[in-house]
1. Kindly check whether there is at least one residue in region 63-85 that is touching an Asp or Glu at 6+ places or on another chain (Cβ under 7 Å) and closer than 26 Å to residue 199 by Cβ.
2. Considering each of 184, 195, 211, 235 in turn, give the residue that is at positive phi, small (Gly, Ala, Ser) and within 19 Å of the chain's Cα centre (by Cα).
3. Just checking, how many residues over region 186-196 are touching a helix residue (DSSP H, G or I) at 6+ places or on another chain (Cβ under 9 Å), touching a residue at least 40 places away in the same chain (Cβ under 8 Å) and not in a helix (DSSP H, G or I)?
4. For residue 128, are the conditions met, namely being under 28 Å from residue 63 (Cβ atoms), over 14 Å from the mean Cα position of the chain (by Cα) and outside the structural domain of residue 59 (by TED's automatic domain parsing)?
5. The conditions are (1) not assigned by TED's automatic domain parsing to the domain that holds residue 241; (2) not in a strand (DSSP E or B), and residue 79 fails exactly one of them. Which is it?
6. For region 49-65, enumerate the residues that are of a type in the set (D, E, K, R), surrounded by 17 or more Cβ atoms within 10 Å (Cβ to Cβ) and more than 15 Å from the chain's Cα centre (by Cα).
7. Does region 97-104 contain at least one residue that is in contact with a Gly (Cβ under 6 Å, 6 or more places away or on another chain), crowded, with 22+ Cβ neighbours inside 10 Å and at pLDDT 95 or above?
8. List pairs: first in region 112-129 and within 30 Å of residue 92 (Cα to Cα), second surrounded by 15 or more Cβ atoms within 10 Å (Cβ to Cβ) and among the aromatic types (Phe, Trp, Tyr), Cβ under 6 Å, 6+ apart or cross-chain?
Amino acid sequence: MTLTKYSGNGNDFVLFIAEEKADRSALARTLCHRQNGIGADGLVVLLPHASYDFEWEFYNADGSTATMCGNASRCVAHFALEKGISKDNVSEFLTGAGVIRATINGLYVVSDMTKPKMIDLEIHEEGKHWCLIDSGVPHLVALLESVDDFDLVEARRLRDKYNANVNICTIVDETLYVRTYERGVEDETLACGTGMVACYVRAHHEGKLSGQIKVYPRSGDELYVDYEDETYRFGGKVTQTFVAKTELGGLGV
């Protein structure tokens, strides 16, 4: 089988095409392992679909599944166009959170995100005001003065308590800076697309940001989030890091 690895601004994924659905949890753990496998934050499998370009199966590095991932949506859209699965620089595909439409322009990919759900806007923990927002997956968001000190012990506790990713963010000169503790990876990641969108959603809801803005995750890469025509859009460059052929029999390939 052929495996392709992509990076969405430090958020990395192993991708391949399959004909049938299967439980690939064990395969995800094997491939995503940083020492004994390829190493990645997630595994994405592209499957045929009657109405859309394809459907995906998404697995976190620990083998758990997730409904949506913003950076993976951009990587997968680029991959699908390269493989001829999608046409005309536009990809429409089905995720667990709904249909995603992505536009590809070279290495620059913009995903139209699913409509966010404001679950709880008044959570107070450890002296911080958190909002629980589902931007495809649930995120706890705290808007702070600085993101320099991210308390990972606190983040792990909140991740377990609310079964959500945990984000801190700050606004400097109409620019958003974000850090994310990601469930399924169980650590801080270099970038999280749905996390950046969730942070923008909170700031936009509170009237602190509007329109197209730059956003920087821990990787330091420049991305953008926009709100137009009642749709949140998330854009940035993706990178195909390598392609490999391997035999992995018995792991639900």
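1. Taking region 63-85 as the starting set, the residues that turn out to be touching an Asp or Glu at 6+ places or on another chain (Cβ under 7 Å) are 80, 85.
Among the residues that remain, those that are also closer than 26 Å to residue 199 by Cβ are: none.
Scanning region 63-85 turns up no residue that is touching an Asp or Glu at 6+ places or on another chain (Cβ under 7 Å) and closer than 26 Å to residue 199 by Cβ.
2. Details: 195 fails: at positive phi; 211 fails: within 19 Å of the chain's Cα centre (by Cα); 235 fails: at positive phi.
One residue alone meets the criteria, 184.
3. Step one: filter region 186-196 for residues touching a helix residue (DSSP H, G or I) at 6+ places or on another chain (Cβ under 9 Å), giving 186-189, 191-196.
If we keep only those that are touching a residue at least 40 places away in the same chain (Cβ under 8 Å) as well, we get 186, 189, 191-196.
When the remaining residues are screened for being not in a helix (DSSP H, G or I), the result is 186, 189, 191-192.
Result for region 186-196: 4.
4. Working: under 28 Å from residue 63 (Cβ atoms): no; over 14 Å from the mean Cα position of the chain (by Cα): yes; outside the structural domain of residue 59 (by TED's automatic domain parsing): yes.
Answer is no for this residue.
5. (1)
6. Going residue by residue through region 49-65, those that are of a type in the set (D, E, K, R) are 53, 55, 57, 62.
With the extra rule that they be surrounded by 17 or more Cβ atoms within 10 Å (Cβ to Cβ), the set shrinks to 53, 55, 57.
Across region 49-65, the qualifying residues are 53, 55.
7. Step one: filter region 97-104 for residues in contact with a Gly (Cβ under 6 Å, 6 or more places away or on another chain), giving 97.
Now narrow it down to the ones that are crowded, with 22+ Cβ neighbours inside 10 Å: none.
Scanning region 97-104, I find no residue that is in contact with a Gly (Cβ under 6 Å, 6 or more places away or on another chain), crowded, with 22+ Cβ neighbours inside 10 Å and at pLDDT 95 or above, so the answer is no.
8. Qualifying pairs under 6 Å: 113/232; 113/234.
The values are calculated or read from the model by the stated rules, or taken from the named source; none is laboratory data. All values reported here derive from a predicted model rather than from experimental measurement. Cβ atoms come from the backbone with ideal geometry, glycine included; neighbour counts cover every protein chain shown.
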